[in-house]
Amino acid sequence: MMKKALLLFLFAAAAILLMLFSFQSDMWNNPLKESTQPEEALSTEGNKVEAGEKEKAPLKENFEEEKEVVVQIEGTEEKVLMHLNKGKDCDYIIYIDEERYKMVSGEGDKPDAITTKEELPENFPEVSMTIEHVPDTAPEVLVEEFEAELKAEFPDLQEVEQVAKPVQGYQLHGIANGGQQGNDPVVHAYVISNGQSGSFVITERYFLEAAEGHGARFYAMLTEFHIVEPE
């Protein structure tokens, strides 16, 4: 009788040990994991936003205040520190070489203008780059009107070209007097889309001898021209 009771006890103990071992093995092979469900993000104002969605950052946070831009001057690379400037209606930004140029905000219907920081002698042709927003006229229409206007001043205006750099749109180029003298005025302009139903007209003016100077620097600045939503 005692022997039978002892066998039953040993059998029960073995069963309990087997259960404990099995449970411990399961815990070891299947440890608890942290929840992979993403927490709901909160905006800076405390409003919930969907996972992965980014808030639209203010303009000053979208663009750096300063940027180093490479300028090609007569085949030589020159690194220039340029500064962020905004259009008068805050519908575009552009980086400007403020060591050499300044931006003058247009008053009324006048366009914004980038001009030399130091005034040029009176006998020098104009050196400037103007940026005008024409919100109600598409580029393909406006470029024809602008071409006719420029031909009155530059009879030898070249055929309109479509370009992708430094901006994407239509390019117009003309040199006064056939380009015989270094101080002959030059116009180099672009008509581009404003991303909606209108256009921007960007007009560079300098003189032939300055094509590798002012012309190259205007080109570099335009590589950092960006259309933005008005503030």
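Just one of (1) farther than 27 Å from Tyr101 by Cα; (2) at pLDDT below 95 fails for Gly179. It is (1). Scanning region 209-226 for residues that are at pLDDT 95 or above and of a type in the set (A, V, I, L, M) yields Ala216, Ala220, Met221, Leu222. Out of curiosity, is Ile202 touching a Pro at 6+ places or on another chain (Cβ under 7 Å), farther than 20 Å from Ile73 by Cα, in a strand (DSSP E or B) and at pLDDT 95 or above? Judged against the criteria, Ile202 is not a match.
Conditions (1) more than 20 Å from Val160 (Cβ to Cβ); (2) open to solvent by 60 Å² or more (accessible area, probe 1.4 Å); (3) in contact with an Asp or Glu (Cβ under 6 Å, 6 or more places away or on another chain); (4) in contact (Cβ under 8 Å) with a residue 40 or more places away in the chain, marked per residue:
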| site | (1), (2), (3), (4) |
| --- | --- |
| His173 | no, no, no, no |
| Gly179 | no, no, no, no |
| Ala211 | no, no, no, no |
| Ala216 | yes, no, no, yes |
| Ile227 | yes, yes, no, yes |
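Has region 118-127 got at least one residue that is outside any loop (DSSP other than H, G, I, E, B) and either of a type outside the set (Lys, Arg) or over 26 Å from the mean Cα position of the chain (by Cα) (or both)? No, there is no match, as no residue in region 118-127 is outside any loop (DSSP other than H, G, I, E, B) and either of a type outside the set (Lys, Arg) or over 26 Å from the mean Cα position of the chain (by Cα) (or both).
Among residues that are among the hydroxyl-bearing types (Ser, Thr, Tyr), in a helix (DSSP H, G or I) and at pLDDT 95 or above, Tyr190 is not included. Among the residues of region 126-161, those that are over 30 Å from Ser197 (Cβ atoms) and surrounded by fewer than 17 Cβ atoms within 10 Å (Cβ to Cβ) comprise Glu126, Pro155, Asp156.
Residue under question is Gln196, and the condition is that it be of a type outside the set (Gly, Ala, Ser) and modelled with pLDDT under 95; does it hold? Criteria met by Gln196.
Of the residues Lys110, Lys54, which single one is more than 30 Å from Asn177 (Cα to Cα) and at pLDDT below 95? After applying the criteria, what remains is Lys54. Scanning region 99-125 for residues that are open to solvent by 80 Å² or more (accessible area, probe 1.4 Å) and among the acidic types (Asp, Glu) gives Glu99, Glu107, Asp109, Glu118, Glu119, Glu122.
The values are calculated or read from the model by the stated rules, or taken from the named source; none is laboratory data. Everything numeric in this text was worked out from a predicted model, so none of it was measured. Note that we place each Cβ from the backbone using ideal geometry, even for glycine, and neighbour counts take in every protein chain shown. In case anyone asks, the SASA skips ligands and DNA or RNA and just uses the protein heavy atoms, side chains included. Shrake-Rupley method; radii C 1.70, N 1.55, O 1.52, S 1.80 Å.
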